[in-house]
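The values are calculated or read from the model by the stated rules, or taken from the named source; none is laboratory data. Computed from a prediction, not measured in an experiment: that's the story for all the values here. All Cβ positions, glycine included, derive from the backbone under ideal geometry; neighbour counts span all protein chains shown.
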Amino acid sequence: MDLLHPQLSAFAAVLEEGSFEAAARRLSVTSSAVSQRVKALEDRLGQVLVVRKAPCVPTPAGERLLRRVRPMQALESEASADFLPAGARVARARPMAIGVNDDSLQTWFLEALGHLHARHGYLFDVRVDDQDHTLDLLRAGTVLGAVTAEKSPLQGCNVHALGAMRYYAIASPKFMAEYFPEGFHATSLARAPMIVFNRKDELQWRFVRRITRARLTPPMHYLPTSLGFVDAAARGLGWCLAPESLIVDALKAKTIAIIDRARWLDVPLYWQYAAVRSSTLQHLSDALRGAAAGTLRG
């Protein structure tokens, strides 16, 4: 039971699924019908809303509209659920799009999702990006809320502090003996291979600049997996920053060591979400704050 106008539903489905064909399958209509609905909406608003390419993406006007439609979808799901038998709610629920950084996803975040699914039957569409960039997903209307490093709220959004994720610099004992026999300083960091998540990852650079006040160009590996960071360091590929909760077992096994226990990097995280009166968003916010409290530093 869709309560949103069919044109808005078609518009959102195209951007969520990435194509008119996929949106048509989800809505159980023809591709032509989806195209006609989106075109009619664009004509009504006098704006092109969707860039027709693979995958389809919103125009700036489409982003503004999508930011409005996301909260409406949450409210629509709540209203629809009131008229469905309890056993049918999971099957008819719409996945909630949420932005999160990979380190949170691999540590505390899934605890909250598990609790929410078990208690309310919610479904999730998790989008992963660097904590410095997840807010772009919320700004573009791609997600309903995001775990982000940005504490200043977007217009029309609420923000809650979650706590700080502490990162330590780690490496294998053999790697440390080879590259850091005389300490962690600019000369050793310039020659020691460094592991970064991807080209958006600023954590290691931030840490290096804090220690050396210099801009270095060390050898680098790009490895887009938080869990793989610890294993890669243990295998001697390089040094990296890793969340303290992910390195406990490897430290006990002595496959890695903390390079300098007196130095770490704390990254404050925040939960930003659309500011609407929604029980779904309230449940989501409460669960995320509760799960984060068990892992992040206050």
Filter segment 222-236 down to the residues that are touching a helix residue (DSSP H, G or I) at 6+ places or on another chain (Cβ under 7 Å) and not aliphatic (A, V, I, L, M), then identify the one that is nearest to GLN131 (Cα to Cα).
SER226
What is the one condition in (1) of a type outside the set (Gly, Ala, Ser); (2) within 18 Å of the chain's Cα centre (by Cα); (3) within 30 Å of VAL69 (Cβ to Cβ) that LEU296 does not satisfy?
(3)
Among the residues of segment 127-134, is any at pLDDT 90 or above and among the hydrophobic types (A, V, I, L, M, F, W, C)?
yes
Would you confirm, using the coordinates I've provided, whether THR255 is at pLDDT 95 or above, in a loop (DSSP other than H, G, I, E, B) and not hydrophobic (A, V, I, L, M, F, W, C)?
yes
Unique residue being in contact with a His (Cβ under 7 Å, 6 or more places away or on another chain) and in contact (Cβ under 8 Å) with a residue 60 or more places away in the chain when the list is LEU75, LEU116, LEU66:
LEU116
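Among the residues of segment 255-298, count how many are of a type outside the set (S, T, N, Q) and in contact with a Cys (Cβ under 8 Å, 6 or more places away or on another chain).
Number satisfying all stated conditions: 3.
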Name the single residue, out of those in segment 264-298 being of a type in the set (S, T, N, Q) and surrounded by 14 or more Cβ atoms within 10 Å (Cβ to Cβ), that is nearest to PHE175 (Cα to Cα).
THR295
Going through segment 200-239 one residue at a time, which ones are within 25 Å of the chain's Cα centre (by Cα) and among the β-branched types (Val, Ile, Thr)?
VAL208, THR225, VAL230
So, in segment 47-70, of the ones that are buried (at least 16 other Cβ atoms within 10 Å of the Cβ) and farther than 14 Å from ARG139 by Cβ, which residue ends up modelled with the lowest pLDDT?
VAL69
Which of the residues that make up segment 271-285 are in a helix (DSSP H, G or I), touching a residue at least 24 places away in the same chain (Cβ under 8 Å) and within 19 Å of the chain's Cα centre (by Cα)?
THR280, LEU281, HIS283, LEU284, SER285
Quick one: in segment 94-111, of everything that is of a type in the set (A, V, I, L, M, F, W, C) and part of a helix (DSSP H, G or I), which residue is surrounded by the most Cβ atoms within 10 Å (Cβ to Cβ)?
TRP108
Quick one: GLN73 ticks every box in (1) more than 21 Å from the chain's Cα centre (by Cα); (2) at pLDDT below 95 except a single one, so which number is it?
(1)
Please specify each residue of segment 202-249 satisfying the condition of being over 17 Å from ARG166 (Cβ atoms), at pLDDT below 95 and charged (D, E, K, R).
ARG209, ARG213, ARG215
Is it the case that some residue within segment 92-111 is modelled with pLDDT under 90 and among the β-branched types (Val, Ile, Thr)?
no
Given the criterion free of Cβ contacts under 8 Å to residues at least 24 places away in the same chain and loosely packed, with under 14 Cβ neighbours inside 10 Å, identify the matching residue among ARG261, ARG199.
ARG199
